[in-house]
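For reference, the structure discussed in these notes is given below.
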Amino acid sequence: MNKDRIIEPYRRHKLLSTLHEGKYKGRVWKEKELLTEIEGESIDDVLSKLRNFVDTQFIKTAESRETAPSAERYMKAFQTIISDLPDSHISMLKAHYHAPNQEITATALAAAVGYANYGAANLQYGTLGKNLYEELPIILPKRSDGSLIFTYMLATGGDQDSSEEFWVWKMRPEVASAIEHLGLNI
């Protein structure tokens, strides 16, 4: 591994940190578009600054939304990530979509896809939500440690006064509509 040059994928961006002509420099690309160039004190410092730049862009995009994204926006986001999703994520979407009133607990999601417990379902559904967030950032609730709760990309609800095992997640109508239009509800 070249310690003077690191290329890292990050949130569907490409980060480059390098030692060039005695200076630590970095760049961020989204697809083929160069978004920024940054200098720093070290390779790791530049990578940290590059990640921070991308994170700040996500926050700005999320904060600029006045309303929830449309079903069309969700559909486009799903189309971008669908080929990378494991079958279990698709199965969880289907189970949630077909649940009465499109409401389901993490325990029921786990049972629907054969996970041993609700913790696995929370982790996997949150991962699916994170993948959507990478394409369609919105303001999301945070845990006490400040981390985003990515399941809110897919659903609303989650009575935080009860155990996560019994939270009832209500599928966002825009997500349900996107699932229908993509034929994932079959």
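The values are calculated or read from the model by the stated rules, or taken from the named source; none is laboratory data. This one's a predicted model, so the numbers in the text were calculated from it and none came from an experiment. Cβ coordinates were reconstructed from backbone atoms using ideal geometry, including for glycine residues, and neighbour counts include every protein chain displayed.
General remarks:
- Of the listed requirements (1) at negative phi; (2) without any contact (Cβ under 8 Å) to a residue 40 or more places away in the chain, R51 misses just one: (2).
- Residue match in segment 27-41 (condition: charged (D, E, K, R), over 18 Å from P137 (Cβ atoms) and either in contact with an Asp or Glu (Cβ under 7 Å, 6 or more places away or on another chain) or in the same structural domain as Y133 (by TED's automatic domain parsing) (or both)): yes
- Any hit, segment 25-36, residues being basic (K, R) and loosely packed, with under 11 Cβ neighbours inside 10 Å: yes
- The condition of being charged (D, E, K, R) and more than 21 Å from the chain's Cα centre (by Cα) holds for only one of E72, E41, E66, that being E41.
- S70 vs. criteria free of Cβ contacts under 8 Å to residues at least 60 places away in the same chain and touching a helix residue (DSSP H, G or I) at 6+ places or on another chain (Cβ under 8 Å): no
- Of all the residues in segment 136-157, those that are among the aromatic types (F, W, Y) and either in a loop (DSSP other than H, G, I, E, B) or free of Cβ contacts under 8 Å to residues at least 12 places away in the same chain (or both) number 0.
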